[in-house]
Amino acid sequence: MVVSKHAAMAVEAYLTWEPSQELRYEYVNGEVVAMTGGTLPHNDIALNLYALLRPHLRQRGCRGNVADAKVKIMANVYRYPDLVVSCDQRDIQAVDAIQYPRLVVEVLSPGTEALDRGKKFEEYRTLPSLQEYGLIDSTAMTVEIYRRGEGRLWLYYPYQTGDLVSFDSLGVSCPIEQIYEGVVLPLAGRSDDALVTIC
């Protein structure tokens, strides 16, 4: 979630300044934007997905990071996705930023959905290593995966209740209900106070 913007800053200054800050800051073409935590469902979804993927990552020699892992997309763009997986040996030992992600996942919230679907996906598509871009709704049981096809083609795979979600870039599939396990979602078509827990 975006909370504030700062004056323009050179990328070198950002890379020196940002690690000592209490908040995480994304960097886009000189603009520094402070990030803050999302909702509890947002956090629960990201942690569920990481827990599901983690045993498979170790077997494949990959690393996965949640929320606080910075991804260098280009020389002047750094983002913090909700989950990132890299299987590139150059990233396995990385300390500052992931540069060769295979999978990036954003958990959607009303305040960030347009950015996640638009500008961020446009930026991530420039990474040759990226094979899949996932969007997971934090208000309804919906998962969308974009998979790299031939050339500039990206293929769209939507998933909903009862579906088996496939992360082909990792050779992993799981029921969508496992991603939403224990997550409290608002009931569609009901008052804002109506909630449902996925067990």
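Each other residue within a Cβ distance under 15 Å of HIS56 adds +1 if Lys or Arg and -1 if Asp or Glu, for a net charge of +3. When the chain is described by a simple charge dipole with +1 on each Lys and Arg Cβ and -1 on each Asp and Glu Cβ, the residue from TYR157, GLY111, LEU40 located farthest towards its positive end is TYR157. Taking all Cα pairs closer than 8 Å and separated by 6 or more residues, the relative contact order of region 38-197 comes to 19 percent. Once the Cα-Cα distance is subtracted from the 0.36 nm per residue extended length, the ASP88 to THR36 segment shows a gain of 15.9 nm. Taking every DSSP beta bridge that has both ends in region 38-197, the antiparallel portion is near 80%.
Taking max minus min of the alpha-carbon positions on each principal axis, region 1-102 gives extents of 43, 33, 20 Å, largest first. Taken over the Cα atoms of region 122-178, the convex hull encloses 86 Å³ per residue. When only alpha carbons are used to place a centre, region 12-88 and region 108-141 end up 13 Å from one another. Would you mind getting me the FRET efficiency between GLU12 and GLN59? Use the beta-carbon distance for r and R0 = 35 Å, nearest 0.05. Calculated transfer efficiency: 0.35. Adding -39500 (n - 2.57) for every DSSP H run of four residues or longer, then dividing by how many residues the chain holds, sets the calculated 222 nm ellipticity at -5500 deg cm²/dmol.
Treating each Cα of the chain as an identical point scatterer and ignoring solvent, apply the Debye formula and state log10 I(q)/I(0) at q = 0.09, 0.13, 0.17 Å⁻¹. Ignoring solvent entirely, the Cα scatterers give -0.34, -0.71, -1.19.
Every read-out reported here was derived from the displayed coordinates using simple, explicitly stated rules and does not represent laboratory data. Please read these numbers as outputs of a predicted model, since none were measured by experiment. We place every Cβ from the backbone using ideal geometry, glycine too, and count neighbours over all the protein chains shown.
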